[in-house]
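The values are calculated or read from the model by the stated rules, or taken from the named source; none is laboratory data. Since we're looking at a predicted model, the values are computed, not measured. A quick note on method: Cβ atoms are made from the backbone with ideal geometry, for glycine too, and the neighbour counts reach across all protein chains shown. Protein only, heavy atoms only, side chains kept; ligands, DNA and RNA dropped before computing areas. Shrake-Rupley method; radii C 1.70, N 1.55, O 1.52, S 1.80 Å.
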Amino acid sequence: MPEPTTSTPSTGASTTATSTPPAGQKVAGAPPEREFTVAERSQLQLVLRRFLQHRLAVVSFVVLILLVLLAYVGGALWKYKFGEFTPDESEPPSWEHPFGTDSAGKDQFAQVLRGTQISLQIAVLVAIFSTVIGTLWGAVAGYFGGIVDTVMMRIADLILTLPLIAVAAMLAHNFGGTWWLISLVIAGLYWAYVSRVARGVVLSLREKEFIEAAKALGSSDWRIILRHLVPNALGSIIVNATILISVAILLETALSYLGFGVSVPDTSLGLLVSEAQTALSTRSWLFYFPGLFIILIALCINFIGDGLRDALDPQQTKVRR
Amino acid sequence: MLAFTLRRIVVSIPILLLSSFIVFVLVSTSGDPLEPLKVRQPPVPQQTLDAEAERLWLNDPLLARYVRWLGGLFQGDFGPSVISTQDIGDQIGTRFFVTLRLIALAMIIALVLAVIVGVVSAVKQYSITDYTATFVGFLFLSMPAFWLAILLKQAGIEFNLAVGDSVIYTIGEATPNFQGTFWERVADVAGHMVLPTISLALISYAAWSRYQRASMLEVMNADYIRLARAKGVPRRTVMVRHGLRNALIPLTTVTALDLASIISGAVVTERVFQWHGMGEFLLDSIATADVYATMAWLLVTAVVVILFNLIADLLYAVLDPRIRYA
């Protein structure tokens with residue numbers, strides 16, 4: 001379990017004199033005399049080291065950065081804008097149009113870059129909203145327990161009972177087709193998953209001594225939740241949130257494919273696949289490139305999640321390495 | 001055990017009621033079911049519109065509509081559909097089994113595949129086989145269900161073109177108006193199931209095989225496995241008798257939890273292969289703001305998911321006697 005530097009009042013502190021300043025300095029203070037030197041490593045360094053050992057995750061991270069650059073910088077510099085009609089209709093991939101053009105003459109490369117932007121933006125928005133809401137929800141439920149826990153978790157269960165695509169399609173039909181509304185709809189369902197994870201971790205942390213110590217020192221409930229419980233649960237939450245993000249990207253593409261997601265004049269990778277579906281035999285490039293980009297983005301995020309799991313949450317990975 | 005079962009069912013009822021009300025409000029406010037009539041040219045007479053509104057209970061306040069709908073359910077009435085000739089109960093009745101056979105078969109295939117792949121990669125941990133299986137698993141985990149389905153469909157079409165005969169069915173869940181004996185009919189339905197089932201199974205197996213691998217590794221590291229090996233029990237017997245049998249237990253819970261997401265996958269798969277199943281029914285109902293049809297779909301699905309989870313929990317206690325539901 002990652003131990004944040006802010007909350008290390010260990011059990012030893014309670015036996016010493018009451019005038020001892022807040023614990024935690026014991027570690028950072030005078031180094032114990034040893035025959036060998038021990039370099040001090042911060043939490044962040046430890047996590048970073050473990051992450052860097054996961055080669056696939058590092059490669060995925062680099063690829064994802066490149067994708068972000070390609071989507072935004074490349075999208076801005078590319079000679080065609082998305083939605084722009086060129087005189088070339090139904091052209092197969094060439095130097096002029098790397099991903100070909102559709103029957104209306106739109107440059108597929110520009111379209112795919114725009115779709116990638118949408119997918120990445122949805123990923124970020126879903127990540128932020130569902131993680132913040134879900135973490136707080138789960139932490140509050142787990143910390144207070146009893147009736148609060150029951151009611152809050154039943155509400156989360158309620159969301160988890162239904163197939164996401166059905167509820168999301170319904171809500172998206174209700175609130176319409178811009179990318180940020182779609183991501184709010186997805187986040188409005190995904191926080192329930194995050195809250196389950198957060199609650200699970202908080203339930204076990206709640207019984208730990210440092211929470212008892214914080215209580216004895218007179219910390220308020222909110223302080224304990226925000227300063228002690230959430231930072232300690234963050235490892236598992238980030239890992240699970242990362243994997244959820246790739247699921248969220250896939251959900252958005254599925255919604256767009258079904259006609260309940262991002263709608264024209266804007267575009268998204270799912271919409272592009274949907275439009276290309278009928279022309280697969282004659283203009284297959286329209287179908288393959290957006291699909292490959294979806295897979296590439298989701299794959300990178302999944303591998304990064306795997307690496308983060310190794311780095312942040314070694315307990316979960318006792319079977320790996 | 002019986003008390004636990006009863007309590008779970010009783011607890012589920014308020015959840016179902018509350019969620020049905022929230023969803024009812026959301027669907028009812030999501031669009032005007034009379035919209036297509038109102039914009040029709042030449043204009044529809046006002047009487048027709050009034051009659052439609054009356055037929056769809058639109059003149060009642062929202063809460064009254066909900067209560068009326070709920071009351072109707074107890075008499076087996078799902079309420080009026082926007083399509084006046086369509087009976088929601090009949091539709092669900094036939095479509096349910098179409099989708100059920102897709103989901104059931106896909107889940108069985110996915111489970112078998114997941115167990116085989118998971119166990120092999122656990123036993124050969126960090127080998128080329130393990131890494132390949134992991135990578136392929138992640139690949140399917142990152143693949144949109146519809147993309148794979150379209151790809152398989154196209155492969156089927158190309159194959160048919162190459163052979164010059166339609167060997168692989170790529171559209172529909174059965175040949176419409178099929179004439180033939182019972183067994184020919186079975187063969188026809190089975191033929192239509194091949195591609196959609198493969199597609200849904202491949203999308204679903206990946207996550208399970210990861211779980212299976214982890215749980216197999218955990219079991220194989222346990223002390224009793226080492227003891228069994230030390231006693232001289234052959235490696236193969238230890239793996240199957242002591243290892244696999246215990247490593248399968250966690251998969252029951254995971255399978256039950258993932259049912260909702262497989263239904264999501266089935267909706268998309270059905271759309272690609274143009275099946276007349278539950279998925280099509282849902283998408284059409286949402287698109288036409290058909291409140292009672294959407295509600296019926298969600299209700300049936302929620303009941304199935306809740307029941308399936310309950311069965312999984314009970315099965316878990318049977319498989320692992322350490323779990324007791326007091």
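Note the angle between two axes, namely the Cα long axis of helix A:43-53 and the longest principal axis of the Cα atoms of chain A, as a number of degrees from 0 to 90, rounded to the nearest 10.
The helix A:43-53 is inclined about 50 degrees to chain A.
Let me know the mean shielding of B:145-153 by other chains, meaning the per-residue number of their Cβ atoms within 10 Å of its Cβ.
Details: counts 5, 12, 15, 2, 0, 8, 4, 0, 2.
Counting other chains' Cβ atoms within 10 Å and averaging over B:145-153 gives 5.
Using θ = phi - 60° and the Karplus curve 6.51 cos²θ - 1.76 cosθ + 1.60, what whole-Hz ³J(HN,Hα) does each residue of segment B:267-278 get, with Gly and Pro shown as x?
4, 5, 4, 4, 4, 5, 8, 6, 7, 9, x, 5
Chains A and B: what accessible area do they bury, summed, in square angstrom to the nearest 100, with a 1.4 Å probe?
Rounded to the nearest hundred, the buried surface is 4000 Å².
Please compute, for peptide B:131-144, the average count of beta-carbon atoms on other protein chains lying within 10 Å of each residue's beta-carbon. Walk me through the numbers on the way to the answer.
Numbers: counts 1, 0, 0, 3, 3, 0, 1, 9, 4, 1, 8, 14, 6, 16.
Other-chain Cβ atoms within 10 Å of each residue's Cβ, averaged: 5.
Need one word for chain B: rounded, prolate or oblate. Basis is the Cα gyration tensor (sqrt eigenvalues a ≥ b ≥ c); a/c below 1.5 gives rounded, then a/b vs b/c decides.
oblate
Assuming R0 = 35 Å, can you tell me the calculated FRET efficiency for the pair B:Arg101 and A:Val132, based on Cβ-Cβ distance, to the nearest 0.05? Can you show the working numbers first?
Values: r = 42 Å, r/R0 = 1.19.
Step by step, r from the Cβ atoms, then E = 0.25.
Let me know the charge dipole size of the protein assembly as shown about its Cα centre in debye, to the nearest 20, where only the beta-carbon of Lys, Arg (+1) and Asp, Glu (-1) is charged.
Its charge dipole is roughly 2780 debye.
Once R0 is set to 45 Å, what does the formula 1/(1 + (r/R0)^6) return for the Cβ-Cβ distance between B:Val186 and A:Gln53, expressed as a FRET efficiency to the nearest 0.05?
The value I calculate is 0.25.
For segment B:147-161, what does the Karplus curve 6.51 cos²θ - 1.76 cosθ + 1.60, with θ = phi - 60°, yield as ³J(HN,Hα) per residue in whole Hz, taken in order and with x for Gly and Pro?
Each residue of segment B:147-161 in turn: 5, 4, 5, 5, 4, 5, 4, 4, 4, x, 5, 4, 4, 4, 5 Hz.
About the Cα centre of segment B:92-319, what is the dipole size in debye to 20, counting +1 per Lys and Arg Cβ and -1 per Asp and Glu Cβ, all else neutral?
That gives a dipole near 1240 debye.
Projected onto the charge dipole of the protein assembly as shown (+1 at Lys/Arg Cβ, -1 at Asp/Glu Cβ, origin at the Cα centre), which of A:Val185, B:Tyr131, A:Trp137 gives the Cα projection farthest towards the positive end?
Sorting the options by dipole projection puts first B:Tyr131.
What average count of beta carbons from other chains do you get within 10 Å of the Cβ of residues in A:151-163?
5
Among B:Val120, B:Thr252, B:Leu282, whose Cα lies farthest out toward the positive end of the dipole of segment B:92-319, if unit charges sit on the beta carbon of Lys, Arg (+1) and Asp, Glu (-1)?
The residue sitting most towards the positive pole is B:Val120.
For segment B:167-217, divide the Cα radius of gyration by the Kirkwood radius and give the resulting Rg/Rh value with two decimals. Write out the running numbers ahead of the final one.
Working: Rg = 16.4 Å, Rh = 13.1 Å.
Rounded to two decimals, Rg over Rh is 1.25.
About the Cα centre of chain A, what is the dipole size in debye to 20, counting +1 per Lys and Arg Cβ and -1 per Asp and Glu Cβ, all else neutral?
Working: 23 positive and 23 negative charges, 191 e Å.
Magnitude of the dipole: close to 920 debye.
Show me A:71-84, B:268-281, B:172-185, B:149-162 ranked by packing, highest mean number of other Cβ atoms within 10 Å first.
On the way: A:71-84: 14.6, B:268-281: 23.7, B:172-185: 11.3, B:149-162: 16.6.
Taking the mean over residues of other Cβ atoms within 10 Å, the ranking is B:268-281, B:149-162, A:71-84, B:172-185.
What is the projected area of the convex hull of the Cα atoms of the protein assembly as shown, averaged over all directions, in nm²?
39.2 nm²
Using a Cα distance threshold of under 27 Å, what count of lysine pairs results for the protein assembly as shown when pairs must be 8 or more residues apart or interchain?
9
Under the classification rounded if a/c is under 1.5, otherwise prolate if a/b is larger than b/c and oblate if not, where does segment B:129-214 fall, given a ≥ b ≥ c as square roots of the Cα gyration tensor eigenvalues?
Details: a/c = 3.00, a/b = 2.02, b/c = 1.48.
Taking the square roots of the gyration eigenvalues as a ≥ b ≥ c, segment B:129-214 is prolate.
At A:Leu70 and B:Arg226, where each label point lies 7 Å from the Cα along Cα→Cβ, what is the point-to-point distance in nanometres?
Rounded to a tenth, the inter-label distance reads 4.8 nm.
Angle, helix B:182-220 long axis vs. longest principal axis of chain B, Cα atoms, 0 to 90°, nearest 10?
Between the helix axis and the principal axis of chain B, the angle is about 50 degrees.
Report ³J(HN,Hα) in whole Hz for each residue of segment B:23-32, in order, from the Karplus equation J = 6.51 cos²θ - 1.76 cosθ + 1.60 where θ = phi - 60°; Gly and Pro get x.
My calculation for segment B:23-32 gives 5, 4, 4, 4, 5, 5, 8, 7, x, 9 Hz in order.
Between A:Thr178 and A:Ser103, what is 0.36 nm times their sequence separation minus the Cα-Cα distance? Round to one decimal in nm.
Additional length available on full extension: 24.5 nm.
Is the C-alpha gyration tensor of segment B:9-120 telling us rounded, prolate or oblate? Criteria: a/c under 1.5 is rounded; beyond that, a/b larger than b/c is prolate, otherwise oblate.
prolate
Among B:Gly180, B:Ile83, B:Pro196, whose Cα lies farthest out toward the positive end of the dipole of chain B, if unit charges sit on the beta carbon of Lys, Arg (+1) and Asp, Glu (-1)?
So the residue we want is B:Pro196.
Can you tell me the 0 to 90 degree angle between the C-alpha axis of helix B:62-74 and the longest principal axis of chain B, rounded to 10?
The helix B:62-74 is inclined about 60 degrees to chain B.
Just to confirm, what accessible area per residue do you get for segment B:92-319 at 1.4 Å probe, in whole Å²?
For segment B:92-319, the per-residue accessible area is 45 Å².
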